[in-house]
1. The stretch B:223-276 to the stretch B:289-358: how many Å between their Cα centroids?
2. What is the packing order of peptides A:220-230, A:150-160, taking the mean over residues of other C-beta atoms within 10 Å and listing the highest first?
3. Net charge around A:Ser28, counting only other residues with Cβ within less than 11 Å of its Cβ (Lys, Arg = +1; Asp, Glu = -1)?
4. Could you work out how much longer the chain between B:His220 and B:Arg246 gets when fully extended? Use 0.36 nm per residue separation minus the Cα distance between them, nm to one decimal.
5. On each of the three principal axes of the Cα atoms of chain A, give max minus min coordinate, whole Å, ordered largest first.
6. In the stretch A:63-94, which residues have a backbone nitrogen under 19 Å from the label point lying 7 Å from A:Leu141's Cα in the Cα-to-Cβ direction?
7. If packing is taken as the average number of other Cβ atoms within 10 Å across a peptide's residues, how do A:124-136, B:143-155 rank, most packed first?
8. Loop-only trypsin sites (Lys or Arg not before Pro) in the stretch B:168-197, please: DSSP not H, G, I, E or B, and at most 10 other Cβ atoms within 10 Å.
Amino acid sequence: MNELVSLLAATVRVAVPLILAGFAGLVSERAGIVDIGLEGKMLAGAFAAAAIAAVTGNVWLGLLGAVAAAGVLGLVHGFVAITQRGNQVVSGMAINILVSGLSMTLGLAWFAQGGRTPPLPPGARFPELFGQDVLVWPAFLLVPLGWWVLSHTSFGLRLRAVGENPAAVDTAGVSVARLRYAAVLIAGVLCGVAGAYIATAQAAGFVRDMTGGRGYLALAAVVLGKWRPFPTFAACLLFAGLDAVAIRLQGVVVPWIGQVPVEFVQAVPYVMTVVLLAGFVGRAVPPRAAGTPYVKDR
Amino acid sequence: MSGGAAPLPWWIDYALLPLANLALALLVAGLLVLATGQSPLTAVAAMAQGAFGSGEAVGYTLYYATDMIFAGLAVAVAFHGGLFNIGVEGQAYISGLGVALVCLYLDALPVWLVAPLAVAAAALFGAGWAAVPAWLQARRGSHIVITTIMFNFIAYALMEWLIVNVLIKRGQMAPETRGFNGGGLLPGLDRFLPLAPTPLNPAFAVALACLLLVWLLIWHTRWGYALRVVGASPRAAVYAGIRPARLVIQAMLLSGALGGGIAFNEVMGAQHKLLIGFTGGYGFTGIAVALMGRNHPFGVLLAAVLFGALYQGGAELAFDMPSMSSDLVVAVQGLVILFTGGLGLMLRPAFVRAFGRS
C-alpha cells in the first residue's frame, strides 16, 4: 500500500513538467506552429530560475526569470516561423542546441562551478502546499483550463482555426500572425514554468542538460494524445508512471522475469508514439496547417 | 513582401548571403562572449591558435571535421529529398554497434580487411536504423521529424542496455567494451604521412571520397535528379513518372549510412572501443553543417572544417581561459542553425534592394 502511494506521488512529481511542456506543445501546434524547441525553452527556464534564485535567494523571482527567458525564446521561434516564414523544425532545433551550449557557457562564467549553479538552500526552493509542491496545483489545473479555453472561448476556437485553415481566419478579419504569436508566447511561458519546476522544485540548482529529453517526451505525449487536451494529459501521466516504475525497478529482481531492463521501460513511450504514428493502432492526424507558414498575398 | 523571390546574381545567393548569415551568427556569439566578461577578440585569437596553430592542432581539427563531413552529408542528402533527418545521431550511435562487433570479433584478421568490413557494417547499421522511419514516412505518412526523434531515444536506450549488460568488458565498472586489438586498430594517418600524432585517421579519406560520391550522385545521375525533383515538389515528381515513396526510402537509407561514418571515425579510428554516448551530439551538428553548406558537398566541406576548427579551438579555449566553456561551440552551432537555416532569407530583401535588377 505504502509502495503504491509513493509510486503515485512519484508519478505526480514527474508528470508536472511533462504536462506543462505538453500543453505548451499542444497550444503551439494547434495554432499551426510546430514546436520541437520545447526542450530548449524548458532548459532555458531551468537555468534562469536556478541562476536567479541562487543570486537573489528568491524562488519566485527565479520563476519570473524562467518565464521571461523561455517567453523570449518562444517569440524568437515566432519571429522565424511567423514573420520570416522560416522552417519551424530548423528553428526549434536551433533553440534546443543554442540553449544547451548557452546555459553551460553562462553558468561557468558567472558561477565558476563547472557550469552548475550554486546549490540552493531550502528557502530558495518552492514551498509545499497541501502536501504537494506548490507548482503541482497550477499544472493540474491547467488541464481543465486548457481544455475549456481551447473548446469554449472565441480565443481558443480561433487559435485552433488558425492551425487548420488560416486563410479562413484571415478572411474573417482576424490577424493570423497575432494569434500565432500569442500561441508561441503561451508555449514559452509554460515551458518556463516547467523549467523552473525542474531546477528549483525537483532539484536544487542547474546541472548540464538537466531537462534530459523531457521536452521531446512531452512532444511524444502530444502526438499520442492526438493533439487534444485530456488525451495529452493522460499520455503525460502514463509516461510519468512508466518513469516512476522504471526507477523503482532499477536493480530489482522480479520473480519469474528476473532483472527488468530499465532502459526498455524508458523506451516504451517512444516506441508507443512510433506505433501510433505508423497508423496501425488508431490514427494521429496533426493540425492541417501545422508547419506551414501563412502567406497572405497568394 | 517584396524581394522574397526576386532573382539575384548567383554569387549573392550562394556566397554573400550565406556569409552574411554566418557573420550575423558569429556577431551574436561575440556578444555572448562579452556577456561572460571576456574579450571576443582574445577568444577568437585563442581559438584560431588552438585550431590551426600547429601541426597537431590541424590534425585534431581535421579529425573533428571528419565527423562533421559525415554528419553534414547525411543531413544534406535527406534535405535534397525534402526530408529532415534529425535521427543522424541515433543512426551513428547504432552504427557504432556494427563497427564494434566487427572489430571485437574479427580482429584476428589484418586491418586492411577489417577496416572495409567495419565501414560496411557502419553503413549497414546506420541505414538499418533509418529504415523504419523511412518506410513509415514513405508508406504510412508518419512525419519523419517525429519518428527520427523517437528513434534517437530508442537508440540511446538500446545502446545503453547493450553496452552495460552485454558488451561490457567483464569485471570492470566503466560502461565500455574491451579495447580492440590487432586488426581492430585503425592506425592514425601519422603512420603513413609525415604528420604530428593525432586521432586523424583514414576515415578522413573515406569522408572526402563520400563528398565526391555524393556530389556525383546528386548532380550527375538520374537518381540524384529525381531525388531533387521529389524534394522540390513531390507532386511534380509523380507527374514526371517518379515514385516519391521509393526515393524517400532510398535517400533515408543513404543518409543513415553516411551518418555511420561518424562511428567508423570515432570507434575504430580514434577510441578503439565502444563507449556510451560516443557520438557526442555530432549528428545534430550535421544540421548546422548542412544548412551552412547549403546542402552542397563543397559547402559541407567548408562548413565541416569550420566546425572542426570550432570544436578543436573551443577545447583549447577552455584550457587557456578557465572561465570560458567549450560548450560555447554548441551555442555557436545553435546560432548558425538559427541564422543560416531558420532566418536564412531574412537579409535577402535588403540584398535585393541593393543589387536587384528591376
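Each reported figure results from applying straightforward, stated rules to the coordinates on display, with no laboratory input. Quick caveat, the model's predicted, so the values are computed rather than measured. We place every Cβ from the backbone using ideal geometry, glycine too, and count neighbours over all the protein chains shown.
1. Computed from Cα coordinates, the inter-centre distance equals 23 Å.
2. Values: A:220-230: 22.2, A:150-160: 15.0.
Ranking the peptides A:220-230, A:150-160 by packing returns A:220-230, A:150-160.
3. Values: positive: A:Arg30, A:Lys41, A:Arg180; negative: A:Glu29, A:Asp35.
Summing Lys and Arg as +1 and Asp and Glu as -1 gives +1.
4. Working: separation 26, 0.36 × 26 = 9.36 nm, distance 1.93 nm.
Value of the extension gain: 7.4 nm.
5. Principal extents (largest minus smallest coordinate, Cα): 61, 50, 34 Å.
6. A:63-64, A:67
7. Details: A:124-136: 15.2, B:143-155: 25.4.
Result, highest mean first: B:143-155, A:124-136.
8. Counting only loop positions with at most 10 other Cβ atoms within 10 Å, the trypsin sites (Lys or Arg not before Pro) in the stretch B:168-197 are B:Arg170.
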